[in-house]
Structures are given as structure tokens and as C-alpha cells.
1. Mind telling me which of A45, A76, A200 comes out most flexible in a GNM of the chain, alpha-carbon contacts under 10 Å?
2. At E92 and E63, where each label point lies 7 Å from the Cα along Cα→Cβ, what is the point-to-point distance in nanometres?
3. Run through all the Cα pairs of region 20-64 and give the fraction in each 10 Å bin from 0, expressed as whole percent.
4. In degrees, nearest 10, range 0 to 90: what is the angle between the Cα axis of helix 118-146 and the longest Cα principal axis of the chain?
5. Place a label point 7 angstrom from the Cα of V99 along the Cα-to-Cβ direction, then list the residues of region 257-301 whose backbone nitrogen is under 16 Å away.
6. For a footprinting-style exposure proxy, rank M255, M25 by other Cβ within 10 Å, fewest first.
7. Going by how many other Cβ atoms sit within 10 Å of their own, how do R292, R52 line up, fewest first?
8. What percent of all Cα-Cα pairs in region 162-312 falls into each 5 Å bin, going from 0 up to the bin containing the maximum distance?
Amino acid sequence: MSYTYPAPPATVTQNGTATEVHQFMKSPTLVARRLRDLLAQKFIADYLLTGRFEAVGGSILYESGESIFPADSPEAVAPGSEYPKTVLTSGELQAAKTVKWGRDSEVTDEAIARLLMNPVERALTKLANGTVKHVDSVALAVIASKITQAFDAATDGGGAWTSAEAIIAGVLGAKAKVEESNVGEGYNLNVAVLKPTQYAKVMSKLLADGVLPRESANPINTGEFPSYLGVTWTTSAHVPVTDPLLVDNNQLGGMADEKLGGPGYTNTGGIGVESKTIREDKSDKYLVRARRVTVPVVLEPSAAIKITNTGV
């Protein structure tokens with residue numbers, strides 16, 4: 001499954017009677033589908049960590065930093081002779097433990113009678129936004145902590161990012177450093193991650209210097225993340241570091257989700273989030289729950305690099 005980040009916001013009709021809203025709340029499938037629409041393509045964690053793993057028993061074992069090369073180089077083989085054998089290399093064995101992140105939200109009968117679908121929509125939206133914020137923050141913090149490579153834009157690149165020329169020199173220089181430091185590993189740093197303020201400054205400089213198109217394909221007009229220099233430029237308010245990151249999102253790692261299941265829980269589909277609606281007749285309200293049991297897994301720390309001293 002390909003994962004595109006981000007998607008346009010989902011919408012839902014506000015029409016319908018209070019009876020229809022109650023019928024909606026009684027259907028776990030409908031609630032899960034609506035939550036899935038609100039969550040679709042919003043996790044930058046799943047965009048950067050594209051691998052999909054299943055954590056069984058609350059944890060996952062994985063090898064980190066495994067080389068794609070064998071321990072020995074090929075040798076000349078005489079006619080009729082046996083081929084020499086080699087030992088396959090393996091990475092460092094590590095373990096990661098899943099955490100259950102979740103939250104409940106209340107929707108009262110009074111709110112449904114007065115505002116119909118609106119309180120339900122607000123409850124689901126807040127649950128979706130809270131889940132995305134927390135999971136993304138955790139995943140981005142793990143990614144940042146695992147990155148050991150750095151590229152100094154001031155000394156190794158074109159200087160601080162005050163022009164399109166300096167930005168291009170910094171990005172291409174960082175990509176080249178990873179390729180030269182990990183010859184043959186096949187890394188392709190194809191995603192840049194910046195804070196929103198950094199993204200705004202970089203896009204404005206690229207536009208002012210004539211690098212970005214000024215018409216329909218201009219990302220400032222479309223609001224879509226652009227792809228330049230072989231890099232998709234993304235932004236997230238949850239980035240825990242001040243330095244822009246470049247990553248190979250095909251090799252960096254993945255998200256390991258654990259499927260707990262349980263009575264009344266419904267998987268929203270494809271993103272590891274489970275939902276549940278609980279009717280509390282004693283207090284005339286519903287509890288709407290969203291949870292994700294997951295852990296970010298960084299398989300290849302060398303598939304990412306920080307760009308320091310950019311000045312943005």
C-alpha cells in the first residue's frame with residue numbers, strides 16, 4: 001500500500017435527524033470508517049517509516065544497520081571448481097516495545113438533540129488529531145535520536161540558506177555525503193522534513209529566486225508538497241529538532257502495530273488505529289474511543305542525515 005502525505009481534509013454531511021445520528025453511533029463500522037477518513041494520510045510517521053510490521057506479544061525484534069554486502073568479496077573460480085562460501089552479515093539485534101496510546105471523548109444526548117452530527121464530528125476530529133499529534137511526535141523523536149550523520153551547511157555546503165543556490169548546495173551536498181559514506185548501500189534521500197516556519201522560509205526563497213514555477217504548479221498556490229532536487233519537501237509541527245532532516249523513506253524503517261482486538265473494537269483500516277463506541281445509559285451519553293498500539297522502528301539509521309547551520 002502506498003502512503004501519500006498529506007491528504008485533503010475529509011468532510012461529512014451535517015444533515016440528518018437525531019435518530020439517524022444515534023443509529024450512526026450504534027454502528028462500530030460507520031464510526032470506524034469516519035475516523036479512518038479523518039486519519040487518512042495524516043500520519044507523517046507512516047510516510048517516513050513506510051515499513052509495515054506486526055508486533056506480536058507487545059514487542060518486536062529487528063536488526064538495525066544490516067549491510068547489503070556479504071562478508072567476503074567474490075573470487076575467481078577455476079573451471080570445474082567449487083564456489084567459495086561466505087558468511088552473511090547481520091545487523092545489531094534490537095527490541096522495541098509497543099505502547100497503547102488512546103483517549104476517550106464524550107457525546108451527550110443533549111448535544112445530539114441540539115446540534116445533530118456536529119458534536120460527533122468534533123469528537124472524532126479531536127480524537128484523530130490527538131492520535132496523530134502524539135504518534136507523530138514519538139516517531140519523529142525516535143528518528144531524530146537515531147540519526148548520527150550530519151552535514152554542516154556553513155562549512156560543507158553553500159552557507160546559510162539565504163538563497164536558492166545555498167539551499168540547493170546544502171541539500172545536494174547532504175545527499176552526496178550519505179552516498180559517499182555508505183557506498184553501495186543504495187540510499188536515496190528523497191524526503192526533506194522541516195518545521196512549518198522553516199518550510200515557509202525555504203519555499204519563499206525558492207520562489208523568489210525563480211526555482212519554483214509561478215503558475216499552477218507553484219506549491220504556495222496549490223498547498224501541496226513539492227518535489228524538487230529529487231526530494232519531496234514536507235513539514236510537520238511535531239518535528240522535535242531545529243535542523244532540517246533528509247531521509248530515505250523506503251529504507252529508514254517502519255511502524256510496528258499490535259492488534260489487540262477485544263469486544264467492540266473495530267480497526268479503521270490500514271493505519272493501525274482501533275475505535276470503539278460505548279453507550280452509557282446511566283448518564284445519557286456515548287464514549288467514543290480511539291487507540292493505536294504501536295512503536296516506531298528505525299532499521300537503517302544511515303538512511304537519514306541532519307543539515308546543520310542552515311539559519312532557517
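All of the numbers you see were taken from the coordinates with simple rules; none came from a lab. Not measured: the values here are computed from a predicted model. Positions of Cβ are generated from backbone atoms using ideal geometry, with glycine treated the same way; all protein chains shown enter the neighbour counts.
1. A76
2. Computed distance between label sites E92 and E63 equals 1.5 nm.
3. Reading upward from the zero bin: 20, 30, 30, 17, 3, 0.
4. Around 20 degrees separate the two axes.
5. The answer is 257-258, 291-298.
6. Details: M255 23, M25 19.
Listing M255, M25 from fewest to most nearby Cβ atoms yields M25, M255.
7. Details: R292 24, R52 15.
With the sparsest Cβ surroundings first, the list reads R52, R292.
8. Whole-percent P(r) values from 0 Å outward: 2, 8, 14, 16, 14, 12, 10, 8, 7, 5, 3, 2, 1, 0.
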